[in-house]
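Take a look at the structure set out below.
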Amino acid sequence: MAQHVVVKDYCLEWQLKYQEEKEKLIPILKENYLAIYHIGSTSILGLTAKPIIDIMIVVRSLIEVDNIKEKFIELGYEYLGEFGIKGRRYLRKGGDNRTHQIHIFQVEDKENIIRHLAFKNYLESHAEKRDEYAKLKKELAIKYPYDIEKYCIGKDSFIKECERKALKEYDSSWDNLYLSARKVQYQRIISSSIEAGSVSAALLTENNNIYVGVCIDTACSLGMCAERNAIANMITNGENIIKQVLAINNVGDVIMPCGSCRELMMQLGHSSEEILVLCDYENKKSTALKNLLSNWWK
C-alpha cells in the first residue's frame, strides 16, 4: 500500500510526542548518548507538517549504535542503516502510516548535525519562509496524495535554498561548545579517593579555538571544577582571552559556573566582564560574566 501523504496544521501534541519518545531512547543509548534534538517540520512552531516526529541523536560511536539495533527494533523501529546519507543511521516506525523517524550522527559529523539545526532555526526566525513552506507542502500533498517520492522532489529545491541561506546565518558556536563538552563527559574512577568527569565545560577563545575540561572530585579539597580545567588547558596552550563558556552537569543540562570559576575568569582581564556564559542551551540564552559578578570587588 502506498504511503498516504497528509499534511496537518501545527499541533502542540507533536512536542509531547517528541518528549515521550526521547524518554524511551536515551536509556537505550546509555553513555553513548550525547545530545538529542527535535528536528523537521513538527519541531517548528506554527508550521504545517506531515505528523511524523523527526528526531536527531548525536552519539560518541555509530558502531555502538549498530551493536544495539535490536533495542530499537523492540521499540517498533525499522533499522535501515545509512539509507542514502553517509555516516548516518536512519530508523523509522509506523509502516505506511509513519509516526517517527530517527537520524543518528556521530559527534564528529558537524556538517550534518549543524545542517539540521540551522534549517530549523532559519524557519523559526523567518516567518515568511515558514509560511511559504507550509503553502508549498499543502499544494504538493493535494497534487501527489499517494506519491511520497514526487512530494519530496517537489520540496527539494525550496529546502536546498533555505538550507544554503540558513548555514550562512546560523551561529553554531554554542552547539560546537556543547557537543565538545559532552564528548569528554563520562565517569572516570581514578582511585578510591578521586573520581572525574561528571561535570564538563568548554570555552571558545578569541582565536576561535575550543578548550574543554572535566571536574576532578577528590576526598579532600584538592579537586578542580570543569571550568577551571578548561581554562588551564587554554593557558597551557598559550591563550588567555575567552569569548564564550559553558558548563554541563551529568545529565547534559547547562549549569552556571561556581563563584570561584567566575572569579578566575574575571581576573583574566582583557574585557573578561564581556565573556558570554550560557544559561540555556535549548534556547541559546546567555549572559555576560559581569552580570554574574555585579559590583566586582576589583
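The values are calculated or read from the model by the stated rules, or taken from the named source; none is laboratory data. Owing to the predicted nature of the structure, the values given are computational and were not obtained by experimental measurement. Reconstructed Cβ throughout: ideal geometry from the backbone, glycine too, with neighbour counts over all protein chains shown.
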> Can Val214 be described as free of Cβ contacts under 8 Å to residues at least 60 places away in the same chain, surrounded by 18 or more Cβ atoms within 10 Å (Cβ to Cβ) and farther than 16 Å from Trp174 by Cα?
Replying inline: yes
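Each row is one residue, and each column tells you yes or no for (1) within 17 Å of the chain's Cα centre (by Cα); (2) within 23 Å of Asn32 (Cα to Cα); (3) modelled with pLDDT of 95 or more.
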{"site": "Arg182", "(1), (2), (3)": "yes, yes, yes"}
{"site": "Val214", "(1), (2), (3)": "no, yes, yes"}
{"site": "Ser221", "(1), (2), (3)": "no, no, no"}
{"site": "Ile241", "(1), (2), (3)": "no, no, yes"}
{"site": "His270", "(1), (2), (3)": "no, no, no"}
{"site": "Ile275", "(1), (2), (3)": "no, no, yes"}
> Is there any pair with a first residue in region 283-298 that is among the basic types (Lys, Arg) and a second that is in a loop (DSSP other than H, G, I, E, B) whose Cβ atoms are under 9 Å apart and which are 6 or more apart or on different chains, and what are they?
Replying inline: Lys284/Asp171; Lys290/Ile275; Lys290/Trp296
>> Looking at region 242-260, can you tell me whether even one residue there is assigned by TED's automatic domain parsing to the domain that holds Ile189, under 14 Å from Ala196 (Cα atoms) and aliphatic (A, V, I, L, M)?
In response: yes
>> I want to confirm something. Restricting to region 219-245 and keeping residues that are among the aliphatic types (A, V, I, L, M), in contact with a Cys (Cβ under 9 Å, 6 or more places away or on another chain) and closer than 22 Å to Thr287 by Cα, which single residue is surrounded by the most Cβ atoms within 10 Å (Cβ to Cβ)?
In response: Ala226
> Which one of Gln244, Gln185 is under 19 Å from Glu108 (Cα atoms) and polar (S, T, N, Q)?
Replying inline: Gln185
> So Trp297 clears everything in (1) touching a Gly at 6+ places or on another chain (Cβ under 7 Å); (2) over 30 Å from Met56 (Cβ atoms) except one condition, right? Which one?
Replying inline: (1)
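Results for (1) in contact with a helix residue (DSSP H, G or I) (Cβ under 6 Å, 6 or more places away or on another chain); (2) touching a residue at least 40 places away in the same chain (Cβ under 8 Å); (3) of a type in the set (Asp, Glu); (4) more than 15 Å from Met56 (Cβ to Cβ), shown as yes or no for each residue.
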residue	(1), (2), (3), (4)
Lys110	no, yes, no, no
Tyr144	yes, yes, no, yes
Glu149	no, no, yes, yes
Ser157	no, no, no, yes
> Among the listed residues Lys50, Lys138, Lys110, Lys143, which satisfies the condition of being within 30 Å of Lys183 (Cβ to Cβ) and not acidic (Asp, Glu)?
Replying inline: Lys110
